[in-house]
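Heads up: the structure comes next, in structure tokens.
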Amino acid sequence: MYLLDFIGGLGIFLFAMSLLENSIKNLGLKKLKELIKKYTSNIFSSILVGFIVTAIIQSSSATTIIVLALVGAGIMPLRNSIGIIFGANIGTTVTAWLVTLLGFKVKIAIFANPLVAIGALGYLLIENKKYRNIFLFMVAFGLVFIGLEIMKDSMKEISHSIDLSQYQGYNILWYVLLGAIITIIIQSSSATTAITLTAIASSIISYNVALALVIGANIGTTITAWLGSIGGSSDKKRVAYIHTIFNLTTGVLVLMILKPLGEWTLKLSENDYLIAISLFHTIFNVLGVIVMLPFVGWLEKSSKKLIKDKKIVVTKYITDIDTSLPEIVNEALQKELRRFIKESLKFYLHTFKISTKSFKDKKYLKLFIDYDIESEYKKLKLLSSEIERVALEVGNDSVLKTLYQITLSNKQIKDISHNIDEFLF
């Protein structure tokens with residue numbers, strides 16, 4: 001029964017964290033993106049921006065997703081993203097402090113219920129989008145601590161029925177792995193930290209086990225970057241790689257000094273386990289940044305060396321063709337040229353947003369919006385270069401003449417494409 005209560009509380013906490021993140025993004029995601037783009041010219045400003053953004057939106061995963069999007073779109077250089085990843089790791093520790101100070105030290109549940117009630121009423125009754133997001137934030141903020149309160153109460157009851165002696169003596173690495181697995185499953189290091197804090201508050205786990213779980217959560221959170229990089233550019237995968245190397249290295253280094261660091265943070269907090277864990281979480285992430293700062297250049301170089309850019313193959317009939325057989329090559333060239341003409345015509349139609357279907361159904365015009373003119377033009381240029389290279393080797397002047405005419409036409413069409421877009425949209 002109490003286990004179900006705990007799972008229910010965890011569900012409310014996770015849902016509330018997601019709602020909180022979305023409400024903040026809706027309130028100012030555009031400004032956050034502009035902040036990231038504008039103030040990431042050097043490693044130190046990047047770290048500061050990463051910290052601020054993560055502290056505001058209460059999710060290092062959300063910051064990572066924004067960074068992946070900016071890097072993938074070519075808006076942000078890979079090097080700039082490294083500092084943001086560093087800063088996000090420090091920024092995510094703010095959640096632990098909020099949970100500790102508000103969730104355990106203050107009876108915030110007294111204010112949480114009215115906050116949810118007022119927020120829900122405002123969200124349902126107000127039509128203004130901006131104000132609705134503010135009310136949604138109030139609901140989410142209140143639900144975070146309601147979920148935490150349910151987790152705390154159920155954990156206290158669970159602790160009475162658990163014999164802690166049978167869970168003692170495991171290797172500390174096992175608990176690090178457990179923390180990583182929990183974070184990978186629930187996709188939130190903040191939630192893993194909250195579970196850890198509620199468990200130690202109820203004396204279910206020891207202080208050292210709690211520290212190990214927090215380290216594991218820090219490692220497990222890197223899964224978000226890898227999931228976000230699936231099917232993306234090489235640079236997005238490099239961001240995920242850098243994030244993983246940083247968090248793994250930080251985790252290993254802290255494990256090496258776990259005992260003295262744990263004792264020191266406990267002493268600083270005057271034997272308050274909750275404060276000590278939050279302090280430990282912050283200190284080890286700050287230490288990780290200090291240690292890894294001199295290796296920023298290496299992180300960038302190693303990521304590029306390990307994760308290569310994908311080679312774009314634009315040819316179909318003359319890919320790696322043997323030019324020692326002119327007759328076969330010329331036939332393949334003609335096929336490739338016809339394909340080039342067909343793709344160019346498609347390029348023109350999409351540039352002008354024209355289709356025979358559009359005369360029958362005006363809605364069909366919307367299908368052209370997702371066509372990336374710049375990207376397709378680059379592919380056409382690459383295809384043109386490959387046809388030209390092979391045609392020059394076999395001396396096919398006929399193909400070269402037609403190719404030059406179409407290539408010139410493509411450039412002229414591309415040059416006016418932005419004017420067409422401005423006119424239509």
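Odds and ends about this structure:
- Ordering of 112-125, 39-52, 134-147 by packing [mean C-beta count within 10 Å, highest first]: 134-147, 39-52, 112-125
- Area accessible to solvent at Glu393, 1.4 Å probe radius, in Å²: 110
- Solvent-accessible area of the stretch 234-311 (1.4 angstrom probe, protein heavy atoms only): carbon and sulfur portion equals 66 percent.
- The candidates Lys129, Lys236, Lys379, Lys308, arranged from most to least accessible area with a 1.4 Å probe in the full protein assembly, appear as Lys129, Lys308, Lys379, Lys236.
- Charge tally in the Cβ shell below 12 Å around Leu299, where Lys, Arg are +1 and Asp, Glu are -1, Leu299 excluded: +4
- For the stretch 335-350, Karplus couplings with θ = phi - 60° (6.51, -1.76, 1.60), whole Hz, Gly/Pro x: 5, 5, 5, 4, 5, 5, 4, 4, 5, 5, 4, 4, 4, 5, 4, 5
The values are calculated or read from the model by the stated rules, or taken from the named source; none is laboratory data. Quick caveat: nothing in here was measured; it's all calculated off a predicted structure. FYI the Cβ positions are ideal-geometry reconstructions off the backbone, even for glycines, and counts take in every protein chain you see. SASA here: full protein model, heavy atoms, side chains in, ligands and nucleic acids out. Shrake-Rupley method; radii C 1.70, N 1.55, O 1.52, S 1.80 Å.
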